[in-house]
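A quick write-up on the structure given underneath.
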Amino acid sequence: MLYDVEYLPTKTGDETIKINNMLIHSKYNPQREAEQIYQNKINQNHLNIIFGIGNGFLYDALVNAKVSKDKILFIEPLEQLKNNRYTLYPIIYGTRTKEIELAITEKLINYSKEVNVICTSNYDKIFAEEYVKLLKLIKEIQNKNTIYKNTITKFADLWQENIIRNMLYSYNSSNLSDLEKTTSKPIVVASGGPSLTKQIPLLKNIRDLVILIASGSTIHTLVKNEIEPDYIISIDGGMINYERHFKNLNLKHAELIFSLTSKYEIQQTFTNRQFAFYDNEVSIDSSVFKQLGLRIPHIKGGGSVAHYALSIARYISDGPIALIGQDLAYTNNRTHAEGNKNMREIDREYIENRGLVEVEGYDGGIVLTDYAFLTMRDNFEEIMREIDQPSTIYNCTEGGIKIGGMDQKRFEVFCNGISKCKSTKKNTIASSEYNIDNYIVTMRKEKGKYKEIVILLKTAERLLESTVASKEFPASTQKKLDSIDSKFKQLLETTLISSVKDPIVMRIMTQYNQKDNETHDESYARIYFQQKDLYKSFIEVVKKCITYVDATINEAEEMRDGIK
């Protein structure tokens, strides 16, 4: 669409703009108008997304007010207004959704959802469709951030306990690197969506010709239909995952591929061979990995076990891959396939409570989904942009949501074509050897680091409290605190403590915002309580981690004594 842009003089000598005969700045005093917008509408504690830069009057007002560039993002849909004088604040010209999404996501540090949208006068009329799309995109990003933030906050402690406790099972079992590109057989990744039910008969017919990977709870649907997978993937750190899907699970041959955040009781009780990998919640900079000689591979995933299942499928095979049961939607008004312990019919109350939305389906129709599923779809699309041999990965779900970047193929067609694929297997896994005493010594050193961290932070607490009377941070005290903070960060990076620090940092960074026209006493109080909260929170979680280390040391000692 062509836009008619006209520059007109104002009474102050500046130039205002008309776009398609609509005025977007004051024709009297556009600078004063911009100053009023800055004072009345800009929120310096939020990300301010400004739709329309026009002739740059608000831009200049923000520069003059020295508003942080981290809090401003301009989106100008009309590319012909591009001006090279704008160098401080980021500006996106055009309406490329991915570029806008990336820019907003990067600006919303610590997964915040605090966004303030300001629309330049008449831009919502001139660019009505683009403005509605922007508002919808912002809402989607906010929902994703909320989901991710809530997930981290809810599961951080569980993940941390599992990471520490799973070190023992990672040490005394195989790890996923032993399976890297060991086969060229086709792989079927089965997830628990409602559409899995109709694919079961076809899956039975080709079972001996493929490697079958089950995503978590999908195991029950498969077992109910007398199908046993080659591998089960586990990443869920909750006790309910163990009790509902793995406790008393009787499998003859299926092997377990687990992340370090998986509930440790699963690995503790699983009797067949196991393979470990680490995910995005784990840092392997810890000296524990080096001292134990662990070479656990990193697997790219997302919010679902199915994301890891896809990445693992490509990691172990260079053959074709089919995804089935990957609905990411409430196909036929069901949450899961028949036989899945989580399956239920959805009703109007469920639709309203979950805030379900309509999106394009697998076959071009409309299906019901939610923002959690949409986030999972985006994770799949991100994986597909980076994965090896994406052209041989097929979405054979035949239902649910449409996943971009993935070729759609009927499962029957995939099944008919696999006989033409070579299926040689090069699985040469060496038996693992480990020294339980080495593990115990290593974990005792880890515990020593935790105790050192607690001593450092308690010292920082006392230094901080010494400033209360004067309400000042003397240079000497600040220097000591900076030194402690530096030692703390360096020490923390060498430990297994990873997931529990994220919710602390997110909360601290978003909870203590600077006020407008803050007084000296208010500034002192904000910084004091922010630092005190930080120290206290880390002391609490590190003390918890000491109990987790004690538990894994005790278990290792019991294993050692049993061996002897």
* To do: Once you have the Cα-Cα distance between His520 and Asn333, take 0.36 nm times their residue separation minus that, and quote the gain in nm to one decimal.
  => 61.5 nm
* Asked: Quick one: net charge of Thr120's neighbours, Cβ under 12 Å, K/R +1, D/E -1?
  -> -1
* Pairs beyond 29 Å (Cα-Cα), from Lys139/Lys181; Lys247/Lys300; Lys479/Lys501; Lys82/Lys133; Lys487/Lys544; Lys154/Lys532 -> Lys139/Lys181
* Whole-angstrom gap from segment 134-156 to segment 45-121, using each part's C-alpha centre -> 21 Å
* To do: Using packing as a proxy for protection, rank 226-237, 211-222, 125-136 so that the peptide with the highest average count of other Cβ atoms within 10 Å comes first.
  => 211-222, 226-237, 125-136
* Asked: By how many degrees, 0 to 90 and rounded to 10, does the Cα axis of helix 30-41 deviate from the longest principal axis of the chain?
  -> 40 degrees
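Give me the net charge for the shell around Ile440: Cβ to Cβ below 12 angstrom, other residues only, Lys and Arg +1, Asp and Glu -1.
Working: positive: Arg444, Lys445, Lys447, Arg560; negative: Asp437, Glu446, Asp550, Glu555, Glu557, Glu558, Asp561.
Here the count lands on -3.
Which value, in debye to the nearest 20, describes the size of the charge dipole of the chain about its Cα centre when Lys and Arg Cβ atoms bear +1, Asp and Glu Cβ atoms bear -1, and nothing else is charged?
In debye, rounded to 20, the chain gives about 800.
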* Only helical DSSP H runs with n ≥ 4 go in: add -39500 (n - 2.57) per run for the chain, normalise by residue count and round the 222 nm mean residue ellipticity to 500 deg cm²/dmol. => -14500 deg cm²/dmol
* Asked: Hey, which aspartates and glutamates would be in cross-link range of Lys113, C-alpha to C-alpha under 12 Å, not counting anything within fewer than 8 residues on its own chain?
  -> Glu140
* Packing rank of 511-521, 91-101, where each peptide gets the mean count of other beta carbons within 10 Å, highest leading -> 91-101, 511-521
* Asked: HN-Hα J couplings of segment 256-266 from phi, Karplus 6.51/-1.76/1.60, θ = phi - 60°, integer Hz, Gly and Pro as x?
  -> 9, 10, 10, 8, 5, 8, 5, 4, 5, 4, 5
* To do: Report the relative contact order of the chain, percent, no decimals, based on alpha-carbon pairs under 8 angstrom and at least 6 residues apart.
  => 14 percent
* Asked: How far is it, in nm, from the label point at Asn45 to the one at Asn20 when both lie 7 Å from their Cα along the line to the Cβ?
  -> 3.8 nm
* Give, as a single signed number, the net charge of other residues whose beta carbon lies under 10 Å from the beta carbon of Leu491, with Lys and Arg counted +1 and Asp and Glu -1. => +1
* To do: Please give the helix 436-465 orientation as an angle from the longest Cα principal axis of the chain, in degrees from 0 to 90, rounded to the nearest 10.
  => 20 degrees
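A short reminder: the numbers here are calculations on the coordinates, not readings from a lab. Note that the structure is predicted; figures quoted are calculated from it, not measured. Virtual Cβ from ideal backbone geometry, glycine too; neighbours counted across all protein chains shown.
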